Amino acid sequence: MTTPSMDDRTIESALADLTLSAPSHLAVDVLVDVGLADRYAMIESPIGPLYVAWNARGVSTVGLARDDAAFESEHRERTGRTAVRAAALPPALGARIARRIAGDRRPDIRVDLRGRSEFEQAVLRKAAEIPHGEVRPYGWIAAEIGRPKAVRAVGTALGHNPVPLIVPCHRVVRTDGTIGQYSLGGPDNKRTILAAEGLDPDDFERRARAGEHYTGSRTTHIVCNPTCRHARRVMDKHRVWFRSLDAAADAGYRPCKICRPASGATVVAISA
Amino acid sequence: MDTDDALALRLAHDLDGTFEALVLAHQDRLYTIAHRFLGNGHDAEEVTQDALVRAYGAIAGYDGDRIRALQLRPWLATIVLNLCRNRLARSHGAPGALSLDRESPDGATLPEPAADPATSPAAVVDRREARRRWAALVVQLPPAYRAPVVLRHVDGLSYPELAIALDRPEGTVKAQVHRGLALLRTAFEASERLEREEMTA
């Protein structure tokens, strides 16, 4: 027996037969890696399980949905991108979100806010500064970002917050001191989340109705937003309440440098 | 070529809206190049993913003229080959040792399904065996010949494209391809002899 001689044509056709198909998940892996597709999974929260979507640029959606199909179509509607179900969040991301929801502001969570206007992004960044368990009025955000008259637009921007809980829009309340609307399933959820953060929403609204919009200390003569962590340390015997910042100023109180209540001063409380 | 030119135009106009089309058009051939160069599906998968992500980053940094002028087939082949070579350098350049019988289940799928009634089960087995054998021979070629042979005869690049992909004159890459084929023939014949000796031993 002799070795059959191999001509170049035979070798070339053998080589041409060595083509392969890429694994089916590869395209999605690439698209997620460049932020052109998202993965999603569920997390636990004070208001129950929530959908979370993310890609290489950050968390893109936190939301409620009837089921996976509904979430996927709402995500596509809003972002134009495909969302692919994952078993769970990447462990590091899941841990950071859980810590953030539990009140630890330190974990850095990148968010993907593509498609949001400069104004909307400024509103969301400012809302993210409000500490766990505290609230600020819409007018405070408007003033802090240098658009004091854009209170209604602030409300709209927060209503379209794509990443509630991570950007804590639930900590922004109406200027009249009522808790107000919430995009993530309605106002009851807002109250539940605030209560989970240690703030009593009923008590907060009761005080606002009684005209107690700002609080100060007789010993320091500093006036604060009522939920400011410095205001909460004031002993009851030293505490004083104000209907407006003008009233506080007339009494010789200066605004707290931490919670900066002066920012909301242009908006007068409208509770009759 | 024409479809790639159109793709480059669209990429220049709207990278984010077009990149998925690039991935779908090129992922199989890039995965094939990486798999045939590295000899295993796991590394090939990582390298292909990395190459496409880098391609996106590169295009995002290019101006419109440069994107429109891209020759996607050789350009993407260069990216994937560079990553393959880096990986080989890290693993001390011994791909042959891990090449045999390492076609991943996904990767082993034949491109044309064996639906042709004329194709007997025996023929399917023969073809799979031939692919396994030639893949093993290719991956044992020295890298300097492996890349030109894979790009020319597995991926099907033209010699002008090959010259771009490998950044060498056309004459040089032609000579490398011919030398690579000659080495393959020698290796094939040696393996045939070995098999015969084993059978008669």
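How many residues are of a type outside the set (Phe, Trp, Tyr), in contact with a helix residue (DSSP H, G or I) (Cβ under 6 Å, 6 or more places away or on another chain) and open to solvent by less than 20 Å² (accessible area, probe 1.4 Å) when one looks only at the range A:104-148?
Count: 9.
Does residue A:21 satisfy the condition of being surrounded by 12 or more Cβ atoms within 10 Å (Cβ to Cβ) and more than 11 Å from chain B (Cβ to nearest Cβ)? Quick ask: steps written out before the conclusion?
Details: surrounded by 12 or more Cβ atoms within 10 Å (Cβ to Cβ): yes; more than 11 Å from chain B (Cβ to nearest Cβ): no.
The answer is no for residue A:21.
What are the residue pairs meeting all of these: first residue in the range A:84-103, first residue within 18 Å of residue A:56 (Cβ to Cβ) and open to solvent by less than 80 Å² (accessible area, probe 1.4 Å), second residue among the small types (Gly, Ala, Ser) and outside any loop (DSSP other than H, G, I, E, B), Cβ atoms under 9 Å, and 6 or more apart or on different chains?
A:86/A:41; A:88/A:41; A:88/A:94; A:89/A:41; A:89/A:95; A:94/A:41
Cβ-Cβ below 7 Å, separation at least six or inter-chain, first residue in the range B:186-200 and more than 10 Å from chain A (Cβ to nearest Cβ), second open to solvent by 100 Å² or more (accessible area, probe 1.4 Å): which pairs?
B:187/B:140
Considering only residues that are buried (at least 16 other Cβ atoms within 10 Å of the Cβ) and among the acidic types (Asp, Glu), look in the range A:24-71 and name the one that is farthest from the other protein chains (Cβ to nearest Cβ).
A:38
Across the range A:210-238, what is the number of residues that are of a type outside the set (A, V, I, L, M) and either more than 32 Å from the chain's Cα centre (by Cα) or surrounded by fewer than 13 Cβ atoms within 10 Å (Cβ to Cβ) (or both)?
Of the residues in the range A:210-238, 8 are of a type outside the set (A, V, I, L, M) and either more than 32 Å from the chain's Cα centre (by Cα) or surrounded by fewer than 13 Cβ atoms within 10 Å (Cβ to Cβ) (or both).
Please tell me if residue A:133 is farther than 23 Å from residue A:65 by Cα and outside the structural domain of residue A:65 (by TED's automatic domain parsing).
The answer is yes for residue A:133.
Looking only at residues in the range B:59-78 that are among the aliphatic types (A, V, I, L, M) and open to solvent by 30 Å² or more (accessible area, probe 1.4 Å), which one is nearest to residue A:28 (Cα to Cα)?
First, the residues of the range B:59-78 that are among the aliphatic types (A, V, I, L, M): B:59-60, B:67, B:69-70, B:72, B:76-77.
From what's left, open to solvent by 30 Å² or more (accessible area, probe 1.4 Å): B:60, B:69.
Values: B:60: 19, B:69: 27 Å.
Per the stated criteria, the residue is B:60.
A quick yes/no check of all residues on (1) at the interface with another protein chain (Cβ under 10 Å from one of its Cβ atoms); (2) more than 21 Å from residue A:33 (Cα to Cα):
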| residue | (1), (2) |
| --- | --- |
| B:3 | no, yes |
| B:34 | yes, no |
| B:40 | no, yes |
| B:43 | no, no |
| B:46 | yes, no |
| B:51 | yes, no |
| B:75 | no, no |
| B:84 | no, no |
| B:89 | no, yes |
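Based on this model, can you work out whether residue B:144 counts as part of a helix (DSSP H, G or I), within 22 Å of residue B:26 (Cα to Cα) and in contact (Cβ under 8 Å) with a residue 24 or more places away in the chain?
no
Among the residues of the range A:149-170 satisfying the criterion of being buried (at least 24 other Cβ atoms within 10 Å of the Cβ) and over 21 Å from residue A:77 (Cβ atoms), which is nearest to the chain's Cα centre (by Cα)?
This residue is A:168.
The values are calculated or read from the model by the stated rules, or taken from the named source; none is laboratory data. These numbers were taken from a predicted model, which means no experiment stands behind them. Cβ atoms come from the backbone with ideal geometry, glycine included; neighbour counts cover every protein chain shown. The area values use the complete protein model at the heavy-atom level, side chains included, leaving out ligands, DNA and RNA. Shrake-Rupley method; radii C 1.70, N 1.55, O 1.52, S 1.80 Å.
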